[in-house]
Amino acid sequence: MLEGLVQHDFPLTLQHVLGRMRNVYGNSEVVTLGEDGATRATYSDVSERIDRVAHALRSLGIESGDRVATFAWNSQRHLEVYMAAPCYGAVLHTLNIRLFADQLTYIANHAKDRVVFVDDVLVPLLEKVAPTFETVEHYVVMGDGDAGDLPNVIRYEELLADQPAGAFDWPEVDERQAAGLCYTSGTTGNPKGVLYSHRSNVLHSFGSCLADAMGLMAADRVLPVVPMFHANAWGIPYAAGLIGSSLVMPTRFLQGEPLAKLIEEEKVTVAAGVPTVWLDLLSYADEHKPDLSSLRTVIGGGSAVPLALMQAFEERHGVRIIQAWGMTEMSPLGTVARPPAGAEGDDQWTFRDRAGRIMPLVEARLIGDDGDEVPWDGESTGELEVRGPWIASDYYEDPTGRDKFHDGWLRTGDIASIDSHGFVKITDRAKDVIKSGGEWISSVELEGELMAHPDVAEAAVIAKPDDRWQERPLACVVVREGASVDAGDIVEHLRARVAKWWLPDEISFIDEVPKTSVGKFDKKVLRQRLADGELERERVATPEKAATS
């Protein structure tokens, strides 16, 4: 073996991220929006409080490997626990505040959480399920609000005040040690846990900071609208700490008006969230014309970002939305849709309307129905499978999900094509594709075209049974407030945009598209409502031929 090779055993742990926050980027800040305006603290100040949280965990008897849960919005206090728990050697478990009660009970008990840090405004939600938590010994309430009937309550600020001043003696942590635990939203069966290691978090942070990814820099002021309980806010808190970006935390104020004012006042340069958030902000911005000029990039993900939404923001407000794709099992960075060199004019939109180009350290392949790999020719489709250093290889203590993994690859459940430049185009979820008369119809593409209609606020497409064609697309449409359209208007809008056999022969006008706990369209609810006869449908006046036989 050659001597003098570069060392390969430098530990990639979140303690390195904390060290950079403390020693390199002490002047960066965390801004938290509250009822009475914004509060702020420097990274240097926050680091000292993180030391106190670590002392507090020791005083509570937390040991290496124990699960420390949070039930909280994005805030400075949440960030303090976010950093302290894994750096201490414990496992941070972000409880999704939008899950159903029985799902919360399941994941808290499955994870064996020992302590829960909870925002005071969320106490009423948590106290309803707290009696079902079997392993939780303490509830630490962050804020001065009522603690309700939670047992063994400790006040966060009082807990920190009782701790010794000065630096915490951080233990040596193995880079492959578990740092975080996040559960999927459980669209089928119980939610499934995904463990993130220190190494995977650090590598994911580097990936996020790449110019072709989120492109975070020390000078940035980053607004993670995506909650910290949704795939660790897409890794943004750790990436920001690593590179020194200031963080602007919106807490529960995720509506168009407070977000617009926060962007204006804090000169936010990068923001990230699901499309429903940006739809709301666009509606507010169109009416009130806030100053959004500080925004360099908005990252949209969680579900497909409608092309019309991206174009409207850019044309009317000069805001550039970049689409990204990933999964909880992927930490979640997988692809980012930044156009390649040479793409100009409408060609740029062709690339930006895709899931994006595969990120470094992420490997992908397409598997056809016959089990063979599908070529990257931009046309052939198959189920997208991925692997990489920040991608899970199994679920945490849950064998029921083993069919999602094989040969080191994660089966994403997405049907996609990949072109010769590594750009992924997702045509549908495997469970959502519509097969009509032997022809495939992409619900994702159809939804995008529906939401390009100026009077359509939201649209979800599901399959409805058909005696002749087996399945036909049913468009479930939410009309913008004050607008008036009928089924014929919708189909006429689609006529020049999609293939003839894609045109729906029925439209269901609904008040709202149901959402999952992380803001994605919940089509299983719509499918059940259709099966139960609860969806009123308006037939197109002149039905189109469904498909070729």
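The values are calculated or read from the model by the stated rules, or taken from the named source; none is laboratory data. What you see is a predicted model, and the numbers here were worked out from it, not measured in a lab. Cβ atoms come from the backbone with ideal geometry, glycine included; neighbour counts cover every protein chain shown.
Is there a residue in the stretch 429-444 that is at pLDDT 90 or above, touching a helix residue (DSSP H, G or I) at 6+ places or on another chain (Cβ under 9 Å), within 29 Å of Ile490 (Cβ to Cβ) and crowded, with 22+ Cβ neighbours inside 10 Å? Even if it seems obvious, please write down each step before you answer.
From the stretch 429-444, those at pLDDT 90 or above are none; that's our starting set.
No, the conditions are met nowhere in the stretch 429-444.
Yes or no, residue by residue, for (1) assigned by TED's automatic domain parsing to the domain that holds Val31; (2) farther than 24 Å from Glu481 by Cβ; (3) in a helix (DSSP H, G or I):
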position: Glu257; (1), (2), (3): yes, no, yes
position: Val268; (1), (2), (3): yes, yes, no
position: Ala272; (1), (2), (3): yes, yes, no
position: Val277; (1), (2), (3): yes, no, yes
position: Tyr284; (1), (2), (3): yes, no, yes
position: Glu287; (1), (2), (3): yes, no, yes
position: Pro290; (1), (2), (3): yes, no, no
position: Ser293; (1), (2), (3): yes, yes, no
Write out, first by first residue and then by second, each pair whose Cβ atoms fall under 6 Å of each other, whose residues are 6+ apart or on separate chains, and whose first residue, in the stretch 295-320, is touching a residue at least 12 places away in the same chain (Cβ under 8 Å) and β-branched (Val, Ile, Thr) while the second is in a helix (DSSP H, G or I) and surrounded by 18 or more Cβ atoms within 10 Å (Cβ to Cβ). Val305/Pro275; Val319/Phe313
If you take the residues in the stretch 382-413 that are buried (at least 21 other Cβ atoms within 10 Å of the Cβ) and either in contact with a Phe, Trp or Tyr (Cβ under 8 Å, 6 or more places away or on another chain) or modelled with pLDDT under 90 (or both), which one is nearest to Val202 (Cα to Cα)? Trp390
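From the list Ala165, Ala179, pick out the single residue that is within 20 Å of Cys87 (Cβ to Cβ), at pLDDT below 95 and hydrophobic (A, V, I, L, M, F, W, C). Break it down stepwise before answering.
Details: Ala179 fails: at pLDDT below 95.
None of the others qualify; the one that does is Ala165.
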Give me the residue from the stretch 474-507 that is loosely packed, with under 14 Cβ neighbours inside 10 Å and small (Gly, Ala, Ser) and, out of that set, modelled with the lowest pLDDT. Ala499
Step by step: first the residues of the stretch 363-407, then only those that are among the polar types (S, T, N, Q) and free of Cβ contacts under 8 Å to residues at least 40 places away in the same chain, then the one that is nearest to Leu195 (Cα to Cα). Which residue is that? Ser393
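Has the stretch 172-195 got at least one residue that is in a helix (DSSP H, G or I) and among the aromatic types (Phe, Trp, Tyr)? Spell out how you get there, then give the answer.
Applying the first criterion (in a helix (DSSP H, G or I)) to the stretch 172-195 yields none.
Within the stretch 172-195, none of the residues are in a helix (DSSP H, G or I) and among the aromatic types (Phe, Trp, Tyr).
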Test Leu104 against the stated conditions and say whether it is in contact with a Gly (Cβ under 6 Å, 6 or more places away or on another chain), hydrophobic (A, V, I, L, M, F, W, C) and not in a loop (DSSP other than H, G, I, E, B). no
Residue list for the stretch 318-354, restricted to those being closer than 26 Å to Asp286 by Cβ and of a type in the set (S, T, N, Q): Gln323, Gln348, Thr350
Which of the residues that make up the stretch 46-80 are β-branched (Val, Ile, Thr), out of contact with any helix residue (DSSP H, G or I) (no Cβ under 6 Å at 6 or more places or on another chain) and within 15 Å of Gln15 (Cα to Cα)? Val46
Of the residues that sit in the stretch 30-57 and are in contact (Cβ under 8 Å) with a residue 60 or more places away in the chain and not aliphatic (A, V, I, L, M), which one is surrounded by the fewest Cβ atoms within 10 Å (Cβ to Cβ)? Gly34
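Is there a residue being of a type in the set (Ser, Thr, Tyr) and within 23 Å of Val202 (Cα to Cα) anywhere in the stretch 44-59? Even if it seems obvious, please write down each step before you answer.
Keep residues of the stretch 44-59 that are of a type in the set (Ser, Thr, Tyr), which gives 44, 47, 59.
Subsequent filtering for residues that are within 23 Å of Val202 (Cα to Cα) retains 44, 47.
Yes.
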